[in-house]
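The values are calculated or read from the model by the stated rules, or taken from the named source; none is laboratory data. What you are looking at is a predicted structure, and each value in this text was computed from that prediction instead of being measured. No Cβ is skipped: glycine too gets one built from the backbone with ideal geometry, and neighbour counts run over all protein chains shown.
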Amino acid sequence: MSTASEAGAGNQPATTKERVFIFDTTLRDGEQSPGASMTLDEKVQVAMLLDDMGVDIIEAGFPIASQGDFESVMEIGKHIKHAVVCGLARAGTADIDRAAEALKTARRSRIHTFIGTSPTHRQYQLRMDEDQVYEKVVASVTRARSYTDDVEWSAMDATRTEPDYLCRVVEAAIKAGATTINIPDTVGYTTPDEMTRTIRMLRERVPNADRVIFSVHCHDDLGMAVANSLAGVMGGARQIECTINGLGERAGNAALEEVVMAIRTRSDVLPFTTGVDTRMLMRASKLVSAVTAFPVQYNKAIVGQNAFAHESGIHQDGMLKNAQTFEIMRPEDVGVKETSLVMGKHSGRAAFRAKLEELGYQLGDNALNDVFKRFKDLADRKKHIFDDDIVALVDDEVATASEQLKVVSLTVIAGTSGPQKAIITLDTGGQHVTREATGNGPVDAIFNAIKGIIPHQATLSLYQVHAVTGGTDAQAEVSVRLEEDGRKVMARGTDPDTMVASAKAYVSGLNKLVTRRGKAAPTTLKAI
């Protein structure tokens, strides 16, 4: 087994005093989230990615918890090339022996043993007094040290432990041979100032505290896990225990990606470094989310779907001028391809023009204004606007810009009882005309109403509907083919309402027939 100095723990050269070690417990504490269990192959896959990413210590599991955990720790040990592989053990001989057995395959290994130290844990969980817990600390660390010189000891519920007693058991663990002392905020109870003071107190009061690495392991019950972890580092801790996506019991743990990017981004106030390749953060987040089936919230810091997305017109305008106006990190630094200017009802004209140019469209001011107005109307009705939606809007605008007939309004009454009815108003060269008609279905009723305004002999030889994008609020694209005196025209219309799209397509086809006959005057439309 490895030595403490090889494992990134214990005595550290002065040149590395500002290095913060990243201890990932996704495969142990993270997997304890209800419903987050992973298969052996999935655990190995995650562990190998963490190793490639530059994580210093990988807590691979709790070997005595199950045969599966034991086997996963052994298998992970075989594959990890750089990181220390760690196994968790309670303060009992069987636990520690089992962890040592599971870690035999690892090139670099650590036994992590723990016991509750707070009054609540001593009285209700352990049913032990202070001296009994103290003796357990000494015995467990001594036992672990007999297998390896890289031993981590944790005072479970440390932040609710009496300061004097916490100092006493930490001193005992160091004396027994622990090389890393972990101070967990097990129930997410502490605050940043308290965490800083706790770490400083231990380093100042406990003999030989300078010989070990202090670590923090913070839960997120009050939403302060990352802040508390960084506060611990400010107090002198040099190891942070965290998980990908903040996975963990109850409200989860400090999120690795947030901790690492906070240190990188705010180096002015957090003068520390980690060995993590941040460009792999998004990849790790997606892998853990996939294997655990735990979705990442859209507005999750660093790796959420919206972390580098902007919809507000003010924000989009600023981003187009200089990304630093509204982004403090580059998306590529966390493995995101690029910033996303999301098209929605809050988007501004500048972002919309940029999106059109990205899609290959160059529109004049008047055309841009018309399409932008239609885009805003669509965004008020449709939750997600996709590029294909915008393409359909522009193509529809270009197709109808010179048409004499335009749909102004449409009302359709349909259902299982009674005939289907349509009431439509068309703009016929500046004049609004309304007609009502029934039909064999709502589409037939719409076309009959249009024929009531513009009598014609054209026949409908094709009617086709498809969704421009996915989802129940997708735009419908309706295609029609009209035939008259041997002439055939194809036309289409788009709208989130299929009936409106049908009317637009039919009217567009009539316009094309008029154009082909060389009759542009509105009064000639009835001659079709």
*asked:* Given the condition surrounded by fewer than 13 Cβ atoms within 10 Å (Cβ to Cβ), within 17 Å of Leu510 (Cβ to Cβ), without any contact (Cβ under 8 Å) to a residue 40 or more places away in the chain and touching an Asp or Glu at 6+ places or on another chain (Cβ under 6 Å), answer yes or no: does some residue in region 424-442 qualify?
replied: no
*Considering only residues of region 112-137 that are among the hydrophobic types (A, V, I, L, M, F, W, C) and under 14 Å from Ile181 (Cβ atoms), which is surrounded by the fewest Cβ atoms within 10 Å (Cβ to Cβ)?*
Phe114
*From Val73, Val84, which residue is at pLDDT 95 or above and under 19 Å from Gln239 (Cβ atoms)?*
Val84
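Results for (1) among the aliphatic types (A, V, I, L, M); (2) without any contact (Cβ under 8 Å) to a residue 24 or more places away in the chain; (3) crowded, with 20+ Cβ neighbours inside 10 Å, shown as yes or no for each residue.
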site: Ala209; (1), (2), (3): yes, no, no
site: Phe214; (1), (2), (3): no, no, yes
site: Glu257; (1), (2), (3): no, no, yes
site: Ile263; (1), (2), (3): yes, no, yes
*With respect to Thr120, is the statement that it is over 26 Å from Ile240 (Cβ atoms) and among the β-branched types (Val, Ile, Thr) true?*
no
*Taking Asn299, is it surrounded by fewer than 14 Cβ atoms within 10 Å (Cβ to Cβ) and either modelled with pLDDT of 95 or more or closer than 22 Å to Gly188 by Cβ (or both)?*
yes
_region 16-64, residues that are surrounded by fewer than 21 Cβ atoms within 10 Å (Cβ to Cβ), part of a helix (DSSP H, G or I) and not polar (S, T, N, Q)_ = Leu40, Asp41, Glu42, Val44, Met48, Leu49, Asp51, Asp52
